[in-house]
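The values are calculated or read from the model by the stated rules, or taken from the named source; none is laboratory data. What you see is a predicted model, and the numbers here were worked out from it, not measured in a lab. So basically every Cβ, Gly included, is an ideal-geometry build from the backbone, and we count neighbours across all protein chains shown. With ligands, DNA and RNA removed, areas are computed over all heavy atoms of the protein, side chains included. Shrake-Rupley method; radii C 1.70, N 1.55, O 1.52, S 1.80 Å.
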Amino acid sequence: NAGVTQTPKFQVLKTGQSMTLQCAQDMNHNSMYWYRQDPGMGLRLIYYSASEGTTDKGEVPNGYNVSRLNKREFSLRLESAAPSQTSVYFCASRGEWVDGYTFGSGTRLTVV
Amino acid sequence: DQQVKQNSPSLSVQEGRISILNCDYTNSMFDYFLWYKKYPAEGPTFLISISSIKDKNEDGRFTVFLNKSAKHLSLHIVPSQPGDSAVYFCAALSGTYKYIFGTGTRLKVLA
């Protein structure tokens, strides 16, 4: 099915562990994004990639790194997870002539 | 500093009545706005958009109104249906590539 695929859907980490959240889109979109959703905070932009080969910080980049591996894939890495990074993470993509984003179904991450 | 604000965390409406969801923004440079709908355990899905050159955009039961002087937009759902129960986010385009989202309003439509 066309769209944005995120893996894993759920993850529990211990404080200090590292992990990478994977995201892939098959719509040939140029731009890709990582947001986190927290209660009362809405969706906050972590990092985005306007096009293949570029990445930029969003509102809340601290503690995260990203890689735009190719046009399809955009990964988010937590090098040393902290409880404050417990959240639901959404990947999204956007085409040049498309309204808004297409979102993935999310990754629910718990850091204990 | 919250540039896009949804001051009502929740709203309950009777089935068949109008639902009005509000959104305020602070940056007068924002010129394109979206509404998204989100069900539990799913990603947000695009609902409707409006450009700053318009003050209204309709799509079926959904209408978005934009008041640029007040930096305010609203989403009207008429008539409201139980399937409309979800969290609604407004978003403003900041620059060329990224949207800034509000905190969301949880709508509950009562049967």
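Odds and ends about this structure:
- Just so you know, the averaged projected area of the alpha carbon convex hull for chain A sits at 6.6 nm².
- Mean per-residue shielding of peptide A:99-108 is 5, counting Cβ atoms of other chains within 10 Å of each Cβ.
- Solvent-accessible area buried by pairing B with A, both sides, nearest 100 square angstrom, 1.4 angstrom probe: 1600
- Restricting the calculation to Cα atoms, chain B shows an Rg/Rh of 0.95 when the hydrodynamic-style radius is the Kirkwood one.
- A cut-off under 15 angstrom between Cβ atoms defines the neighbours of B:ASP84, and their net charge, with Lys, Arg +1 and Asp, Glu -1, is +3.
- Counting, for every residue in A:26-39, the Cβ atoms of other protein chains within 10 Å of its Cβ and taking the mean gives 2.
- 10 Å binning of all Cα-Cα separations within the protein assembly as shown, expressed as whole percents from 0 upward: 8, 33, 35, 19, 4, 0
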